[in-house]
There are 2 protein chains.
Amino acid sequence: MKKAKKIALVLAGCGNKDGTEITEAVSLIVQLSQLGAELKFFAPDQIYTPVNFINGQKHSEKRNVLEESARIARGNIEELKKLNPSEFDALVFPGGFGAALHLCNWAEKGAKCDVLPSVEVAVREFHRQSKPIAAVCVAPTLLARLLGEEGVTLTLGNDPEVAAEIEKTGAHHVECPVDDYVTDREHKVITSPAYMYGQALPHQVFKGISGLAKELMEMA
Amino acid sequence: MKKAKKIALVLAGCGNKDGTEITEAVSLIVQLSQLGAELKFFAPDQIYTPVNFINGQKHSEKRNVLEESARIARGNIEELKKLNPSEFDALVFPGGFGAALHLCNWAEKGAKCDVLPSVEVAVREFHRQSKPIAAVCVAPTLLARLLGEEGVTLTLGNDPEVAAEIEKTGAHHVECPVDDYVTDREHKVITSPAYMYGQALPHQVFKGISGLAKELMEMA
């Protein structure tokens with residue numbers, strides 16, 4: 001029997017405004033499960049200020065990224081620092097604003113953002129081991145920041161301002177519709193824009209991510 | 001052009017241990033979107049004690065069911081009391097323990113549970129208007145409690161103890177595998193067990209819910 005491919009998914013909370021986009025995460029989970037992958041979830045153990053999703057205001061009490069990410073993972077999650085790239089065949093980052101708030105500070109600093117050390121270690125080591133990395137929605141910013149100097153090609157949809165900021169890192173930005181994805185075979189990086197299109201329909205997001213998941217499983 | 005069918009989804013928080021099961025909710029959202037439905041989300045505006053998904057312990061601070069449900073709905077949500085059944089073609093309850101904690105107290109009282117008045121009003125009115133109602137995982141307990149006296153047929157999987165408790169309401173319980181669903185054409189009730197099978201794989205849950213969603217759209 002062929003051994004199942006092991007995929008590490010990095011979450012950044014629960015919900016698009018201050019964490020991982022839920023529909024994107026579940027689209028990845030369902031499709032990778034369908035393709036026979038064994039999934040394991042990781043998130044950083046750090047405190048953040050959550051947002052009220054109804055009125056957009058910040059909360060007074062704090063939450064923990066790892067603990068809230070566990071809601072999507074049904075408890076099957078470990079601290080990101082414990083991720084050992086040698087044990088996995090591929091690395092995946094769903095989107096949601098949490099990726100640009102907690103995994104790096106792109107939301108604040110754009111192309112010159114700082115990346116969380118545990119994220120940088122993971123990306124660089126999967127990349128060094130020539131294992132594919134997928135990122136959805138806003139999460140490709142991480143890959144632009146870390147692999148831009150190598151001229152990685154990726155997509156964040158069709159916003160010219162976002163594309164211009166991405167290209168400051170040295171990365172090449174390619175326009176892509178919501179239900180599709182972009183593959184950089186040389187760098188083994190696959191990206192899909194998903195809810196970078198704010199008015200996207202859930203099944204369009206699912207379709208783009210399904211294509212990305214198939215490509216990832218073929219490369220892994 | 002044919003008018004889109006309007007579906008009301010009732011959420012009960014965000015995450016399987018104290019709210020709506022996320023993979024179930026998104027499976028419904030993706031499939032109903034694929035089938036052309038227009039979705040609107042509702043949840044009760046009430047306070048609850050959240051659970052830490054990593055160690056299973058209760059939190060000290062409280063959260064609000066409507067506000068946490070908004071994470072799944074990306075903010076597109078209203079208070080359950082504002083749901084007007086005449087404006088919709090069907091009613092859907094995803095599962096997760098929140099359904100048995102916040103929408104009724106089945107978790108505590110079983111077959112003799114109390115149902116939240118806004119849930120009871122919604123179920124009785126959709127049923128009176130002969131509009132289909134779907135429920136996933138543990139959420140069919142609500143329909144057993146409210147429609148059991150009419151002899152509704154439904155499933156919560158294959159646990160004999162759960163089935164026995166369901167039958168105390170007068171409802172008929174039918175065994176069903178994770179990737180399938182049960183239709184009661186007379187009462188227009190469709191149910192799928194999903195994560196009532198705790199070890200289910202995400203794509204199996206998606207398959208069962210996809211079947212349920214298609215059946216619901218045909219009946220609506």
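The values are calculated or read from the model by the stated rules, or taken from the named source; none is laboratory data. Predicted model, so just to flag it, every value in this text is computed and none were measured. Reconstructed Cβ throughout: ideal geometry from the backbone, glycine too, with neighbour counts over all protein chains shown.
Answer yes or no: is there a residue in the stretch A:138-148 that is buried (at least 24 other Cβ atoms within 10 Å of the Cβ), in contact (Cβ under 8 Å) with a residue 24 or more places away in the chain and outside any helix (DSSP H, G or I).
Scanning the stretch A:138-148 turns up at least one residue that is buried (at least 24 other Cβ atoms within 10 Å of the Cβ), in contact (Cβ under 8 Å) with a residue 24 or more places away in the chain and outside any helix (DSSP H, G or I).
Out of the stretch B:93-116, which residues are buried (at least 21 other Cβ atoms within 10 Å of the Cβ) and not aromatic (Phe, Trp, Tyr)?
Residues satisfying the conditions are B:94, B:95, B:96, B:98, B:99, B:100, B:101, B:102, B:103, B:104.
In the stretch A:158-185, how many are in contact with a Phe, Trp or Tyr (Cβ under 6 Å, 6 or more places away or on another chain) and of a type in the set (Gly, Ala, Ser)?
0
Looking at this structure, is residue B:136 more than 20 Å from residue B:186 (Cα to Cα) and either among the aliphatic types (A, V, I, L, M) or touching a helix residue (DSSP H, G or I) at 6+ places or on another chain (Cβ under 6 Å) (or both)?
no
Across the stretch A:42-57, what is the number of residues that are more than 11 Å from chain B (Cβ to nearest Cβ), under 24 Å from residue A:84 (Cβ atoms) and surrounded by 19 or more Cβ atoms within 10 Å (Cβ to Cβ)?
2
Looking at the stretch A:1-24, which of its residues are assigned to a loop (DSSP other than H, G, I, E, B), under 27 Å from residue B:69 (Cα atoms) and within 12 Å of chain B (Cβ to nearest Cβ)?
A:11, A:13, A:14, A:15, A:16, A:17, A:18, A:19, A:20, A:21
Could you tell me which residue of the stretch B:26-41 is surrounded by the fewest Cβ atoms within 10 Å (Cβ to Cβ), considering only residues that are more than 8 Å from every other protein chain (Cβ to nearest Cβ) and closer than 30 Å to residue B:56 by Cα?
B:41
Out of A:4, A:90, A:8, A:25, which single residue is out of contact with any Lys or Arg (no Cβ under 9 Å at 6 or more places or on another chain) and within 22 Å of residue A:116 (Cα to Cα)?
Just a single option satisfies the conditions, and that option is A:25.
Does residue B:86 satisfy being more than 14 Å from residue B:14 (Cβ to Cβ) and not in a helix (DSSP H, G or I)?
No, not satisfied.
When you go through A:209, A:133 one by one, which is the residue that is in contact with a Leu (Cβ under 7 Å, 6 or more places away or on another chain), within 14 Å of chain B (Cβ to nearest Cβ) and touching a residue at least 24 places away in the same chain (Cβ under 8 Å)?
A:209
Only one of (1) surrounded by 22 or more Cβ atoms within 10 Å (Cβ to Cβ); (2) within 21 Å of residue A:198 (Cα to Cα) fails for residue A:90. Which number is that?
(2)
Given the conditions (1) part of a loop (DSSP other than H, G, I, E, B); (2) in contact (Cβ under 8 Å) with a residue 12 or more places away in the chain, and given that residue B:61 satisfies all but one, which numbered condition is not satisfied?
Single failed check for residue B:61: (2).
Which condition number in (1) facing another protein chain (nearest Cβ under 10 Å); (2) under 30 Å from residue A:204 (Cβ atoms); (3) crowded, with 22+ Cβ neighbours inside 10 Å; (4) touching a residue at least 24 places away in the same chain (Cβ under 8 Å) is the one that residue B:66 fails?
(4)
Could you please let me know if residue B:60 is more than 23 Å from residue B:187 (Cβ to Cβ), at pLDDT below 95 and either facing another protein chain (nearest Cβ under 10 Å) or buried (at least 24 other Cβ atoms within 10 Å of the Cβ) (or both)?
yes
Check the stretch A:183-191 and report whether any residue there is touching a strand residue (DSSP E or B) at 6+ places or on another chain (Cβ under 6 Å), assigned to a strand (DSSP E or B), among the hydrophobic types (A, V, I, L, M, F, W, C) and touching a residue at least 40 places away in the same chain (Cβ under 8 Å).
Yes - at least one qualifying residue is present in the stretch A:183-191.
Please enumerate the residues belonging to the stretch B:69-82 that are outside any loop (DSSP other than H, G, I, E, B) and either touching an Asp or Glu at 6+ places or on another chain (Cβ under 7 Å) or more than 9 Å from chain A (Cβ to nearest Cβ) (or both).
Listed by number, the residues that qualify are B:78, B:79, B:80, B:81, B:82.
Before we move on, is residue A:207 part of a loop (DSSP other than H, G, I, E, B) and of a type in the set (Lys, Arg)?
Against the criterion (part of a loop (DSSP other than H, G, I, E, B) and of a type in the set (Lys, Arg)), residue A:207 does not qualify.
Go over the candidates B:163, B:122 one by one and state the one that is under 27 Å from residue B:210 (Cβ atoms), buried (at least 19 other Cβ atoms within 10 Å of the Cβ) and among the small types (Gly, Ala, Ser).
Of the residues listed, the single one that is under 27 Å from residue B:210 (Cβ atoms), buried (at least 19 other Cβ atoms within 10 Å of the Cβ) and among the small types (Gly, Ala, Ser) is B:122.
If we scan the stretch B:207-216, do we find a residue that is among the basic types (Lys, Arg) and under 30 Å from residue A:24 (Cβ atoms)?
So far as the stretch B:207-216 goes, yes, one or more of its residues are among the basic types (Lys, Arg) and under 30 Å from residue A:24 (Cβ atoms).
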